[in-house]
1. Taking the stretch 100-153, how much of its Cα-Cα pair set, in percent, is spaced more than 16 angstrom apart?
2. Taking 0.36 nm per residue of separation and subtracting the Cα-Cα distance, what length does fully extending His135 through Ser253 add?
3. Would you be so kind as to identify which of Ile139, Gln186, Thr246 lies farthest towards the positive end of the dipole of the stretch 111-258, taking Lys and Arg as +1 and Asp and Glu as -1 on Cβ and the Cα centre as origin?
4. With 10 angstrom as the radius, rank Met131, Met47, Met273 by how many other C-beta atoms surround their C-beta, starting from the fewest.
5. For the chain, find the longest principal axis of its Cα atoms and tell me its angle to the long axis of helix 324-337, 0 to 90°, nearest 10.
6. Express the Stokes-Einstein translational diffusion coefficient of the stretch 1-58 in µm² s⁻¹, to the nearest whole number, given a Kirkwood radius over alpha-carbon pairs, 20 °C and a viscosity of 1.002 mPa s.
7. Please report, for the Cα atoms of the stretch 129-197, the Rg to one decimal and the Dmax as a whole number; what are they, in angstrom?
8. To the nearest 0.05, how large is the calculated FRET efficiency for Gln196 and His4 if R₀ is 41 Å and r is the Cβ-Cβ distance?
Amino acid sequence: MLNHPKILVAVGTRPEIIKTAPIIRALQSCSIPFSFLHCGQHYDHNMSQRFIEELNLPAPQFNHKITTSQPAQQTVQIFAKTAKTIRQTQPQILLTEGDTNTTLATALAANKQKISIGHIEAGLRSFDLRMPEEHNRRIVDHLSNFLFTPTARSAQNLTRENVWGKICITGNTIIDAVTQHLPIAQEKSSITRTIQFEEYALVTAHRQENVDNPQVLKNLVEAFIESPLPIIYPIHPRTQKALKKTNLWKKLSTSKNVQILPPIGYFDFLVLMKNSRLIITDSGGIQEEATAPQIRKPVLVTRLSTERPEAVEAGFAKVVGTEKVTILNEINNVLNAKPTLPETSPYGNGDAAEKIVHIIEQAINSSPLAPQTNPLPP
Ligand code: UD1
Ligand code: UDP
């Protein structure tokens with residue numbers, strides 16, 4: 001069928017929309033038809049639709065409604081609904097990004113229907129099995145036909161594990177996203193007018209192993225309240241729910257040292273990162289964004305592990321754990337040391353999406369894509 005979209009692009013969470021936006025733009029600029037699916041894992045307007053509109057993406061042809069956040073049921077629902085979308089659209093390849101339950105469920109749905117899979121941001125490893133993301137990304141990497149890795153190191157992780165698919169080192173599309181959106185953000189965002197502090201640390205926290213653990217959540221909140229640098233804190237819905245179950249919400253929201261915000265749009269977030277003195281986060285994507293030449297900020301990673309060791313080795317990030325005293329010491333260290341940071345990012349120079357789309361275009365044009373059919377070990 002002429003112009004029948006051979007590519008199904010799937011997203012389901014906030015970071016997937018942001019990191020897939022450059023892919024969609026590259027497909028559009030090469031006039032490659034594609035179908036676009038939002039799986040509905042994130043569903044609040046300010047965690048989903050807001051980003052599709054702000055980043056000027058086409059409206060998804062398929063918007064799934066997921067009725068639960070219980071991880072197994074959520075994954076099952078996304079799997080079943082994506083399987084139906086695949087039956088309707090008959091793509092040759094599914095493109096899926098990252099390590100969320102959406103990534104896992106969409107990849108499984110494609111695999112069960114013998115559709116090729118392109119995994120964007122393949123090969124990351126935290127070696128921290130407490131994290132659902134570590135399980136998701138490992139499974140998806142072993143199902144995928146194309147593994148688009150951000151760095152040589154993530155490619156090595158995959159080689160070591162003998163994955164079957166083709167490994168392509170492309171850079172991370174988050175650098176493309178920062179490059180494409182920061183100039184627009186600086187023009188359009190007015191968030192700085194609402195910020196109460198001249199100098200601040202930008203904070204986020206949402207990791208399940210952090211915010212669902214009451215002791216860790218308390219440590220983080222106390223560190224933010226006592227921080228020597230005031231805190232700007234857009235709060236993820238998971239964390240808001242966890243905070244409201246305890247008296248920590250009141251403590252945090254009445255602190256003069258912390259300005260709480262709801263989850264904010266990408267343009268506002270980019271501007272806040274750019275103007276911050278320091279970033280404190282357990283986010284994956286933010287560790288990468290901080291290395292973009294246009295941002296270049298030190299990051300304290302409030303976790304016990306990271307799947308982004310390149311940011312640590314380049315000097316941008318430090319894994320500081322989740323103890324209050326350590327976090328406070330590390331904030332003081334950054335304030336006193338005024339670190340000098342590299343001019344380039346370990347995650348590429350902003351052309352990852354172009355490279356990924358080029359590889360997919362060639363593969364689609366050269367032969368009908370099929371799942372691996374002869375998976376004998378090497
Ligand atoms: C998910 C991903 C995580 C990713 C994060 C990005 C998994 C296992 N985790 O975590 O890797 O870093 O997205 O932000 O896939 N909620 C809302 N409104 C929303 C979205 C979520 O209220 O729009 C609430 C849910 O009801 C639930 C909680 O937040 O109670 C967690 O949502 P969920 O999508 O399961 O996981 P995240 O913590 O967002
Ligand atoms: N982000 C945003 N608004 C916010 C918080 C984060 O636009 O209030 C962006 C941020 O710039 C990054 C992405 O969301 O691109 C990171 O998402 P998150 O931390 O939720 O997920 P992770 O990257 O850890 O999977």
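Computed from the coordinates by the stated procedures, all read-outs in this text should not be read as laboratory data. None of the values given here were measured: they were computed from a predicted structure. For neighbour counting, all protein chains shown are included, and Cβ atoms are generated from backbone atoms with ideal geometry for every residue, glycine included.
1. Values: 535 of 1431 pairs.
Tail of P(r) above 16 Å: 37 percent of Cα pairs.
2. Numbers: separation 118, 0.36 × 118 = 42.48 nm, distance 3.46 nm.
39.0 nm is the gain from fully extending His135 to Ser253.
3. Thr246
4. On the way: Met131 19, Met47 16, Met273 23.
Ordered by Cβ neighbours within 10 Å, fewest first: Met47, Met131, Met273.
5. 90
6. Details: Rh = 11.8 Å.
Approximately 182 µm²/s, per Stokes-Einstein.
7. My reading of the Cα-based Rg and Dmax gives 17.9, 52 Å.
8. Values: r = 53 Å, r/R0 = 1.30.
After rounding to 0.05, the efficiency reads 0.15.
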